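Participant: First the structure, then my questions, so here it is.
FYI, it's all coordinate maths here, none of it is from the lab. Because the structure is predicted, anything quoted here is derived from the model rather than measured. Cβ coordinates were reconstructed from backbone atoms using ideal geometry, including for glycine residues, and neighbour counts include every protein chain displayed.
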Amino acid sequence: DLELQLRQSQKMEALGQLAGGVAHDFNNLLQGILGYAELLYEKCPPDSPDRPHLQIIHELGKRAAALTRQLLAFSRKQVLAPRQLDINHVIAEFSELLRRLIGISVALRVVPGKSVPRVNADRSQFEQVLMNLCINARDAMPEGGDITIATSAEVLDEAFARIHGLNMVGEYVIVKV
């Protein structure tokens, strides 16, 4: 049993290394594609019928780069890149992919909070957590159902921290799935 666990662990490590290597090489190719798409877009006259197509190529390239970052995170070769994010905007953009992932038997509803401040986070990591939570929720509802993602800004005061045994007083952005 212990030997089987060791072999399984070695397989997972090898898979992570393979995913990291492929993602790294693919990311290099994507950077070239994105660079040339930007150059063509800049040279393209504003009234050209090709301009929207170039913009779509660039957007799809950015989405592919985000998937590559997730592969790099899986392989643990990604350096985290936290930056200021509008979490409502990230969720709105990512919700289309989530809808496709969870399928038609589960409805996805996004309820963005008002006046939610920016957060300092790694976008790929945040999207990965959201995706995992939504897939787990979908799997828990084999006959269908609803998934709601809601955001809010909350202040956790000393009373809340004391009741819940936390040492986290301050302002927080809450994301509920």
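Participant: In whole percent, what relative contact order does the chain give with Cα contacts below 8 Å and a gap of six or more residues?
Facilitator: Numbers: 195 pairs, mean separation 32.6, N = 177.
Relative contact order comes out at 18 percent.
Participant: Suppose R0 equals 35 Å; then what is the FRET efficiency for GLN17 and ALA159 from their Cβ-Cβ distance, rounded to the nearest 0.05?
Facilitator: In this case the efficiency is close to 0.15.
Participant: A further question follows. Mind checking the full-extension length gain between HIS53 and LEU4? Use 0.36 nm per residue of separation minus the Cα-Cα distance, one decimal, nm. It would help to have the intermediate numbers written out before the result.
Facilitator: Numbers: separation 49, 0.36 × 49 = 17.64 nm, distance 5.10 nm.
This chain segment gains 12.5 nm when fully extended.
Participant: Obtain the radius of gyration and the Kirkwood radius of the chain from its C-alpha atoms and give Rg over Rh.
Facilitator: Numbers: Rg = 20.4 Å, Rh = 19.4 Å.
Rounded to two decimals, Rg/Rh equals 1.05.
Participant: I've got another one for you. Which order do the peptides 133-139, 143-149 come out in when sorted by mean C-beta neighbours inside 10 angstrom, highest first?
Facilitator: On the way: 133-139: 15.7, 143-149: 13.6.
Listed from highest to lowest mean packing, they are 133-139, 143-149.
Participant: Gain in length, ILE174 to LYS62, computed as 0.36 nm per residue apart minus the alpha-carbon separation, to one decimal in nm?
Facilitator: This chain segment gains 37.6 nm when fully extended.
Participant: Further question: How large is ³J(HN,Hα) for each residue in region 47-60, as worked out from phi by the Karplus curve 6.51 cos²θ - 1.76 cosθ + 1.60 (θ = phi - 60°), to whole Hz, x for Gly and Pro?
Facilitator: Working through the residues one at a time gives 9, 6, x, 7, 4, x, 5, 5, 5, 5, 4, 5, 5, 5 Hz.
Participant: May I pose another question? So who's got an amide H within less than 5 Å of the one on ILE174, skipping anything under 5 residues away but keeping other chains? H placed 1.01 Å off N, in plane.
Facilitator: Hits under the 5 Å cutoff: SER152, ALA153, GLU154.
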